[in-house]
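The values are calculated or read from the model by the stated rules, or taken from the named source; none is laboratory data. Please read these numbers as outputs of a predicted model, since none were measured by experiment. As a convention, Cβ positions derive from the backbone with ideal geometry for all residues, glycine included, and neighbour counts pool all protein chains shown. SASA here: full protein model, heavy atoms, side chains in, ligands and nucleic acids out. Shrake-Rupley method; radii C 1.70, N 1.55, O 1.52, S 1.80 Å.
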Amino acid sequence: MGYDLAAISNTLTEGLNAFASATSAEELEAAKREYLGGKGVVKAILGGIKDVPKEERGEYGKSANLLNVKLTEALKQAEARLGGAKASSKPGIDLTKPGRRREVGHAHIITQTIDEIVEIFGRIGFNQVEGPEVEDEFHNFDALNIPQGHPAREEADNFYLQLNGPDWDAKPVPMLLRSQTSTIQIRTMESRRPPLRVIAPGRVYRPDTVDATHHFMFHQIEGLAVAEDLTFVDLKAVLELFVREYFGADTKMRLRPHYFPFTEVSAEVDINCEMFSHLKKPWLEILGCGMVDPNVLKAVGYDPEKYTGFAFGMGVERIAMLKHRIGDIRHFTTNDMRFLSQF
Ligand code: DAH
């Protein structure tokens, strides 16, 4: 017999108590099932309204609805109290489930590219060296056989800095953000005696307008070897080994005559390989190289009659873009995880 106002009142008291005293999601879930579930007490009471004699149905119905509202409200409060952990209809924590995997960071694609290239040269005896990004004109130009008045030294093409030393009254020393890693050739030769083989990655800066293929900051990798009797054949053999290791064993390489102030003879290296078949270009330029100009050897006090050397330099962004089919150099510096996490 559903018609019993006292039963409603008791249910309210007991229900409020059950929700208020629940101390875990599981307890709350059980109380919810008992009072507000599909087969719960409240449902039964509401379902009984229709059986109550007409003249008493109004009051009974009101009480029954109020019971429903109050217990639903109490349930919400209890859920909030238990740390917002809304009691779900599923069983509690499953301790056998695998844990949530934490994202682990990884090296930037430019760092990865540098590491791979440096590693390949490392296998044939090239040691990694570095140099400063703020340079003087001697290391960036003069010692590299780029004389005063040479177009590469123009103000509009370099980030010149006026740096004061400790003495503020002294003339500022003209410096610049290095425009090429060839500076490291000079720094290495100044501090070592031949024979030497070094590979030098680093950032370089040029005031270029930024677009899909240009940036005011990018990376280069410079190579230098100096010894007695090094020839162009040695240079070619080293580069061939590198392109086959890095771009694939099927890679064809060709040397195209070119001019650089710090090498004589000089060449640019083009490659043709399966990796770039999608570009539909038979040859792609990947680096500049040559035999170290005797003037450069002289600038660091090496005897050009006794020693010869070869050098090469490549743009890291360009190589990474070719290899990974990256269409815009700006991706490297915008720090967008949708880009970075692809590599
Ligand atoms: N420094 C050159 C540049 O920035 C690249 C380069 C070319 C480096 C030939 C070399 C070299 O060592 O031999 O364009």
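Rank these by accessible area, largest first, 1.4 Å probe: T23, T188. All intermediate terms of the calculation are to be shown ahead of the outcome.
Details: T23 100, T188 10 Å².
The ranking, largest first, comes out as T23, T188.
Toward the positive end of the charge dipole of the chain, about the Cα centre and with charges on Cβ (Lys, Arg +1; Asp, Glu -1), which of A31, S21, G202 goes farthest?
About the Cα centre, the residue reaching furthest to the positive side is A31.
Keeping all protein chains in place, calculate the accessible area per residue for the range 5-81 (probe 1.4 angstrom), answer in Å². Before the final figure, lay out the partial values.
Working: 4590 Å² over 77 residues.
That works out to 60 Å² per residue.
When ranked by the protection proxy of mean other Cβ atoms within 10 Å per residue, highest first, what sequence do the peptides 311-323, 25-37 form? Please report the intermediate quantities before stating the final value.
Numbers: 311-323: 21.0, 25-37: 18.3.
Packing order, densest peptide first, comes out as 311-323, 25-37.
Residue by residue through the range 232-241, which ³J(HN,Hα) values in whole Hz follow from phi under the Karplus form 6.51 cos²θ - 1.76 cosθ + 1.60 (θ = phi - 60°), with glycine and proline marked x?
Per residue, the Karplus-derived 3J(HN,Hα) values read 4, 5, 4, 4, 5, 5, 5, 5, 5, 4 Hz.
Going by average Cβ neighbours within 10 Å, how do the peptides 206-212, 114-120 rank, with the highest at the top? Let's see the in-between values first.
Working: 206-212: 11.9, 114-120: 17.0.
The peptides rank, most packed first, as 114-120, 206-212.
For V129, what residues show an amide H to amide H distance below 5 Å, using hydrogens built from the backbone and excluding near sequence neighbours?
Those qualifying (amide H under 5 Å, at least 5 residues apart or on another chain) are I199, A200.
Once you've got the Cα coordinates, tell me which of K43/K97; K43/K76; K32/K54; K97/K323; K252/K306; K236/K281 are over 29 Å apart. Before the final figure, lay out each step's value.
Values: K43/K97 35 Å; K43/K76 18 Å; K32/K54 31 Å; K97/K323 40 Å; K252/K306 33 Å; K236/K281 23 Å.
Cα-Cα > 29 Å for K43/K97; K32/K54; K97/K323; K252/K306; rest within.
About its Cα centre, how strong a charge dipole does the range 1-126 have in debye, to the nearest 20, once Lys and Arg get +1 and Asp and Glu get -1 at the Cβ? Before the final figure, lay out each step's value.
Details: 18 positive and 17 negative charges, 41 e Å.
About 200 debye.
Any chance you could tell me what percent of the C-alpha pair distances in the chain go past 38 Å? Provide the component values of the computation, followed by the final result.
Values: 27292 of 58653 pairs.
Here the long-distance tail beyond 38 Å is 47 percent of all Cα pairs in the chain.
Using a 1.4 Å probe on the protein chains only, how many percent of the accessible area of the chain belongs to carbon and sulfur? Present the calculation step by step, with values, prior to reporting the outcome.
Values: 10440 of 19540 Å².
Carbon and sulfur: 53 percent of the exposed surface of the chain.
With a bin width of 10 angstrom, please list the P(r) values of the range 103-262 as percents of all Cα-Cα pairs, from the 0 bin to the one holding the largest distance.
Final binned percentages: 9, 30, 36, 19, 5, 1, 0.
Can you list the residues, at least 5 places off or on another chain, whose amide H is less than 5 Å from the amide H of L287, using H built in the peptide plane?
When sequence neighbours closer than 5 places are left aside, the close amide H contacts are V269.
Would you compute, from DSSP H runs of 4+ residues alone, the mean residue ellipticity of the chain at 222 nm, taking -39500 (n - 2.57) per run and dividing by the full residue count, rounded to the nearest 500? Don't skip to the answer; put the middle values down first.
Values: 12 runs with 132 residues, N = 343.
Per the formula, -11500 deg cm²/dmol.
What number comes out for accessible area per residue over the range 109-340 if the probe is 1.4 Å? Units Å², please. Don't skip to the end; give the middle numbers.
Numbers: 11440 Å² over 232 residues.
Heavy-atom SASA per residue in the range 109-340 reads 49 Å².
Counting alpha carbon pairs within less than 8 Å and at least 6 residues apart, what relative contact order, in whole percent, applies to the range 192-262?
Values: 58 pairs, mean separation 18.6, N = 71.
Value for the range 192-262: 26 percent.
Relative contact order of the range 109-340: what whole-number percent is it, with Cα pairs under 8 angstrom and at least 6 residues apart? Provide the component values of the computation, followed by the final result.
Values: 434 pairs, mean separation 49.2, N = 232.
It rounds to 21 percent for the range 109-340.
Share of antiparallel DSSP beta bridges in the chain, in percent to the nearest 5? Could you put the intermediate results ahead of the total?
Working: 46 of 48 bridges.
Roughly 95 percent of the DSSP beta bridges within the chain come out antiparallel.
Relative contact order (percent) for the range 5-81, with alpha-carbon contacts under 8 angstrom and 6 or more residues of separation? Numbers along the way, then the final one.
Working: 61 pairs, mean separation 30.3, N = 77.
Worked out over the range 5-81, it gives 39 percent.
Quick check: from the Cα gyration tensor, does the range 197-301 come out rounded (a/c under 1.5), prolate or oblate? Let's see the in-between values first.
Values: a/c = 1.99, a/b = 1.19, b/c = 1.67.
Taking the square roots of the gyration eigenvalues as a ≥ b ≥ c, the range 197-301 is oblate.
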